[in-house]
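Notes follow once the structure below has been shown.
The values are calculated or read from the model by the stated rules, or taken from the named source; none is laboratory data. Worth saying up front: this structure is predicted, and the values here are computed from it rather than measured. Note: ideal-geometry Cβ built from the backbone for every residue, glycine included; neighbour counts use all protein chains shown. Just so you know, the surface numbers come from the protein's heavy atoms only, side chains and all, with ligands and any DNA or RNA stripped out. Shrake-Rupley method; radii C 1.70, N 1.55, O 1.52, S 1.80 Å.
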Amino acid sequence: MDGGVAVTSNPYVNVNLTTSISSFEVVKRYDKGISIGDMKRKLEMVVGAPSSSMDLELYSTSNNFLQKMDNDEALLGSYPVDDGCRIHVIDRSGGTMNEFSDVSKVEKFELSDEAYDKRTDTVRSVLQKQRVGKYNEELMATKKAEQTARMEESKAAAEAISPGSRCKVQVPGQPTKIGTVMYVGTADFKPGYWVGVKYDEPLGKHDGSVDGKRYFECENKYGAFVRPLNVTVGDFPEEDYGLDEI
């Protein structure tokens with residue numbers, strides 16, 4: 001052995017790629033032995049521009065311009081390219097920034113409902129044949145009848161409740177609450193009939209207003225809206241929580 005020091009150079013380099021037609025930046029690994037012409041052809045799939053219209057510029061790791069890479073026969077390694085350098089691809093074919101990412105410029109395929117109904121290979125066609133969901137007329141009729149019955153039942157329950165009445169609220173999965181009926185009727189926040197209740201304790205969700213509309217007055221966290229079927233009116237006096245005890 002001659003005792004000399006062997007110096008090896010990495011045959012591959014990781015470079016950052018930017019283009020004149022996109023704001024995206026990607027990192028790619030290339031063999032330093034590839035020619036600039038072959039590199040441009042590989043860049044076609046990355047950039048979306050023809051290799052014949054590309055100009056390449058090399059920037060240092062500190063983003064300073066070094067030189068143009070304008071010799072298609074030269075090898076990538078013949079340029080002062082290191083890991084972290086940036087190669088900027090300029091498209092001379094007329095492409096504009098973000099041309100390929102602006103979906104508003106893409107022509108949409110449109111099909112009328114009439115034409116769609118005539119096709120036999122669509123999801124709608126399959127659902128109709130198998131009578132699934134809304135395409136099952138009997139099922140939909142049954143659901144509509146059940147919904148109408150629930151609405152009538154809720155309306156009847158609401159008509160039996162008067163503002164000012166003491167009540168007990170029993171919502172499945174929640175503790176029983178006692179309070180005073182403050183509002184009965186429909187509301188803007190959700191369809192159907194509702195009962196606005198002022199609880200004796202701060203177990204509610206608001207102060208009688210929802211989405212900026214006031215339905216009744218009460219302290220914050222004392223008010224709530226519940227369905228009429230969850231409300232029972234009767235003699236439910238306010239409980240004495242022993243606040244006068246010492």
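Using 7 Å Cα-to-Cβ label points, what is the Gln147/Leu111 separation (nm, one decimal)? It is 2.7 nm.
Three principal axis extents of the range 152-207 based on alpha-carbon atoms, in descending order, are 30, 23, 22 Å.
DSSP beta bridges fully contained in the chain are about 90 percent antiparallel.
Look at the dipole of the chain built from charges on Cβ: of Val81, Gly208, Val231, the Cα furthest out on the positive end belongs to Val231. Peptides 131-141, 68-78 ranked from most to least packed, by the mean per-residue count of other Cβ atoms within 10 Å: 68-78, 131-141.
Past 18 Å, Cα to Cα, is the threshold; run Lys40/Lys68; Lys134/Lys155; Lys108/Lys129 against it and keep the listed order.
Lys134/Lys155; Lys108/Lys129
The magnitude of the dipole of the range 33-165, with charges of +1 and -1 set on the Cβ of Lys/Arg and Asp/Glu and taken from the Cα centre, is near 540 debye. In the context of the full set of protein chains, the chain has a per residue accessible area of 68 Å² (1.4 Å probe). Only helices enter the 222 nm calculation for the chain: every DSSP H run of n ≥ 4 contributes -39,500 (n - 2.57), and dividing by all residues gives -6000 deg cm²/dmol, rounded to 500. Amide H contacts under 5 Å for Lys32: Tyr12, Val13, restricted to partners 5 or more places along the chain or on a different chain, H placed in the peptide plane at 1.01 Å from N. With a cut-off of 12 Å between beta carbons, the residues surrounding Val169 carry a summed charge of +3, where Lys and Arg count +1 and Asp and Glu -1. When +1 charges are put on Lys and Arg Cβ atoms and -1 charges on Asp and Glu Cβ atoms, the dipole computed for the chain relative to its Cα centre reaches about 780 debye.
Give the residues of the range 128-172 whose amide nitrogen is closer than 19 Å to a point set 7 Å from the Cα of Lys190 in the direction of its Cβ. Once the point is set 7 Å along Cα→Cβ of Lys190, 147-159, 168-172 turn out to lie under 19 Å by backbone N, inside the range 128-172.
Between Asn64 and Val233, the modelled labels are 8.6 nm apart [label points 7 Å from Cα along Cα→Cβ]. On a C-alpha basis, how far is the centre of the range 71-94 from the centre of the range 113-130 in Å? Whole number, if you could? Each part reduced to its Cα centre gives a spacing of 53 Å. Measuring between alpha carbons in the structure, the pairs from Lys144/Lys190; Lys168/Lys205; Lys177/Lys213 lying more than 21 angstrom apart are Lys177/Lys213.
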